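See structure below.
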Amino acid sequence: MITDAETSQHDQLHSREVRYILMMSFRALCLVAAAVLVGAHAPLLWVWIPICLVGMVLVPWFAVLLANDRPPKRRDRRGGQQFEQPAPELASLPPATPVRIIDAD
């Protein structure tokens, strides 16, 4: 589809939910893998357990950060004044007439 429209709030939420579920599934996989490796007395256990622990600790943190993050606003949709182009109503004003000031004591 060719359009300039942003994705809907529902689609953004759905993609964040799917990403969160995938990351938390990876965390559960790390937990199961660590339990299996410890139970099986796998060789190089001192290498595999820290890798699984890092996956169990850091992945949920990243999952929450990414689930709460939304895509950035596009530059042309931001509010506020843009300094590159003058505001249209200011560009169409007639030239200013000189102001007379009467100074009285």
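The values are calculated or read from the model by the stated rules, or taken from the named source; none is laboratory data. These numbers were taken from a predicted model, which means no experiment stands behind them. Methodologically, a virtual Cβ is constructed for each residue, glycine included, from the backbone with ideal geometry; neighbour enumeration extends over all protein chains shown. We work out accessible area using only protein heavy atoms, side chains counted, and drop any ligands, DNA or RNA first. Shrake-Rupley method; radii C 1.70, N 1.55, O 1.52, S 1.80 Å.
Structure above, values below:
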{"quantity": "Probe 1.4 Å, all protein chains present, accessible-area order of Thr3, Thr97, largest first", "calculated": "Thr97, Thr3"}
{"quantity": "Centroid-to-centroid separation of the range 11-32 and the range 35-72 [C-alpha atoms, Å]", "calculated": "13"}
{"quantity": "Computed FRET value (nearest 0.05) for Leu58 with Ala96, which takes r as the C-beta separation and R₀ as 35 Å", "calculated": "0.05"}
{"quantity": "Candidate residues Arg16, Arg27, Arg100: accessible-area rank, largest first, probe 1.4 Å", "calculated": "Arg100, Arg27, Arg16"}
{"quantity": "Rounded D (µm²/s) - the range 1-69, Kirkwood Rh over Cα pairs, Stokes-Einstein at 25 °C, 0.890 mPa s", "calculated": "176"}
{"quantity": "Two-site FRET efficiency, Ala35 against Leu66, from Cβ-Cβ distance with R₀ of 25 Å, rounded to 0.05", "calculated": "0.45"}
{"quantity": "Exposure ranking of His14, His41 by accessible area [1.4 Å probe, largest first]", "calculated": "His41, His14"}
